[in-house]
Amino acid sequence: MSEKTPISRESLSDLFPPTKATGRTVNSKPGIVFDPGKCTGCGMCEAVCAAGGAEGRGPRTPRVQVLRDAEAGTSFAVLCQHCLDPQCMKACPNGALSKGGDGIVRMDKSLCVNCGMCIAACPEAAPLRAPDGEVVKCDLCGGAPACVEACPNGALSYTKGRGSFWIPLLRWTCQLISFLLLVVVFVGSVCSINLVTFDLACPFGVLQNVFSAKFILLSTVISALLLIGLTVLFGRVFCGWICPFGFVLDIVDKIIPHGLFRLPRFLRNRLNKYGVGIGSLAAAGVVSSQAFCTVCPIGTVCRSYGLNSVMAGAEAAIVPAVAALNLGERRSWCRYFCPVGALFGLAAKIGLLRIEIGASKCKKFSCMRCASVCPMGIIPREQLVQGISPKIDMSECISCLRCVSVCPHNAARIRFVWQKRKDSGSLPTACTGCGKDCANAKENRS
Amino acid sequence: MKPSQDILTARGAYLCVECGKCAALCPMAETASEFSRVTSPRGVVQQALRGTDVQNMPGLASCLQCGSCSRTCPAGVDVAGLIADLRMLLPEPVQLVCPACGTPLLPADAEAYLSRAANEGFESRLSYASLCPSCRRRAYARNNR
């Protein structure tokens, strides 16, 4: 900048490039994982942090705070989670906070005026205010946190934040094989396959058959029950791992952008698929044929896209038309309209498998990878950002296990109904246990 | 009500040399709904010295009480303390308090700035925003143990 240039807002932003980027480009997410089950509240993390951390230039205000609840006998370390999309960074009026390429959220003390907006924006209030008014914040000791080394109970552990890769590998392989089998080999499709010893049939097709023919053929019911039984055991694995149209949608989702438009609100209701189901059953009863199957995307992808089947004119147009819905939201058809999925959803509701989000190591608002990766969009960000473990509705979950594979903290887990699960948290009400009786306190106790 | 001599003396307002360093640092420039010569910390000090009625001081309601003005003042004026004292003279409290412990929360326009800047993309108002930082830490710990 030359001396003659008058200082304007633009020239200032040249000097101090805006740091208010959204952090989404940074994929590595280092952080300290805290396990409340192992913490004894000894305060060693506070002590080594006050002694200066890894640099050892103390004494200073510790960047970690241990909250002890004597009544409940629990303790909890509040420390910065180095969010993927930090709220503090967006809230800082001076742009003093920035997320480096290594994923560590740092505070530039030369820009900070200690206004405390970062504390107000953080769901955990992790930046701490020193007694003299200075706002301090963890910088992970540059990648080798001293508190993790010092913790005698192993309650703190350092993670680079990478998910596993073998679950997606397994799923894509399974989807590819079933796509090839159902579309290329058995041109008849999943609607009904005649294998050597048993039949496999689409349960919704069989249900339509019952309504249209007005009598029940026992052998078809048995072949339909195979998929229903699979769903009761493992959730809607058909939708996530087998369905050929789901495979098409997953590939389309990899290619096209999302959020270009929003469906009208009445269409974005997850109960719609049950309505579609009841409607097509009624239609089957009236016209005495499987009316929905002629337009079913799963059926059309099997019938009209195989090698030895002719592209069947209007039928072949259904698949791209329905897949175009994905420009709005991922797997829009599966979310809102698919009656086959609705039938599996009913079975999964009484099923044995549950997905648990937010086990004790979950970092909730700071990570939210599960919410961003879920193709069905059933992991609520609003709850995660408030520090609550959301309860997953298994009738909407397609058991694709994307959340499980992407979670670097082992907090998204598969639980069967007989296994112990963490209670889903309640909304953080204003109660701090003051002893007075009020509505908040009652809500908190229950 | 006009600020009394006692407040001005105790907070060192007479020492003000109008350098404007407090105004340069003040985060109200971003968080307040309007930031001007009058609403800045320097403006508040000057208004107080001129004996303006506290109800005509628009800067009082937006102050975050961070104290960066007091720390930077080369003349030693405790601007944040002065603003805190002047707020006491207002007929109505300007700040909401934490429902659990009574700590003053952010002023209304700073809350609006926060929800504009940080909480975008969330449809519902976040319930943690109604708690003061220390109560929020406790609520978070309670939900995650």
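We did not get these values from a lab; they are worked out from the coordinates using the rules stated. Since we're looking at a predicted model, the values are computed, not measured.
Could you calculate, for the stretch A:354-416, the ratio of the Cα radius of gyration to the Kirkwood radius, expressed as Rg to Rh?
Working: Rg = 10.1 Å, Rh = 11.3 Å.
Ratio of gyration radius to Kirkwood radius: 0.90.
On a 20 Å Cα-Cα criterion, which of the cross-link pairs A:29/A:363; A:90/A:391; A:109/A:137 come out too long?
On the way: A:29/A:363 11 Å; A:90/A:391 29 Å; A:109/A:137 10 Å.
Among A:29/A:363; A:90/A:391; A:109/A:137, the Cα-Cα distance tops 20 Å for A:90/A:391.
Given the stretch A:26-85, what whole percent of its Cα pairs are spread farther than 16 Å? Show your work: numbers first, answer last.
Working: 940 of 1770 pairs.
Percentage above 16 Å: 53.
Relative to the longest principal Cα axis of chain B, at what angle does helix B:108-117 sit, 0 to 90 degrees, rounded to 10?
With rounding to tens, the tilt is 50 degrees.
Can you give the three extents of the C-alpha atoms in chain B along their principal axes, from longest to shortest, in whole Å?
Result for chain B: principal-axis Cα extents of 51, 27, 27 Å.
So how tilted is helix B:41-50 from the main axis of chain B? Cα-based, degrees 0 to 90, rounded to 10.
40
Using just the alpha carbons, could you tell me how many Å³ per residue the convex hull of the stretch A:166-349 encloses? Intermediate values should be presented prior to the final figure.
Numbers: hull volume 24.2 nm³, N = 184.
Given the Cα convex hull of the stretch A:166-349, per-residue volume reads 132 Å³.
Given the rule -39500 (n - 2.57) for each run of at least 4 DSSP H residues, summed and divided by the residues of chain B, what is its mean residue ellipticity at 222 nm, to the nearest 500 deg cm²/dmol? Could the numbers behind the result be given before it?
Values: 9 runs with 67 residues, N = 145.
That calculation yields -12000 deg cm²/dmol at 222 nm.
Over the stretch A:75-162, what portion of Cα pair distances is larger than 19 Å, expressed as a whole percent?
Details: 1519 of 3828 pairs.
That fraction is 40 percent.
Does the stretch A:229-276 come out rounded, prolate or oblate by the C-alpha gyration tensor, with a ≥ b ≥ c the root eigenvalues, rounded set by a/c under 1.5 and, if not, prolate when a/b is larger than b/c and oblate if not? Write out the running numbers ahead of the final one.
Working: a/c = 3.14, a/b = 1.25, b/c = 2.51.
Taking the square roots of the gyration eigenvalues as a ≥ b ≥ c, the stretch A:229-276 is oblate.
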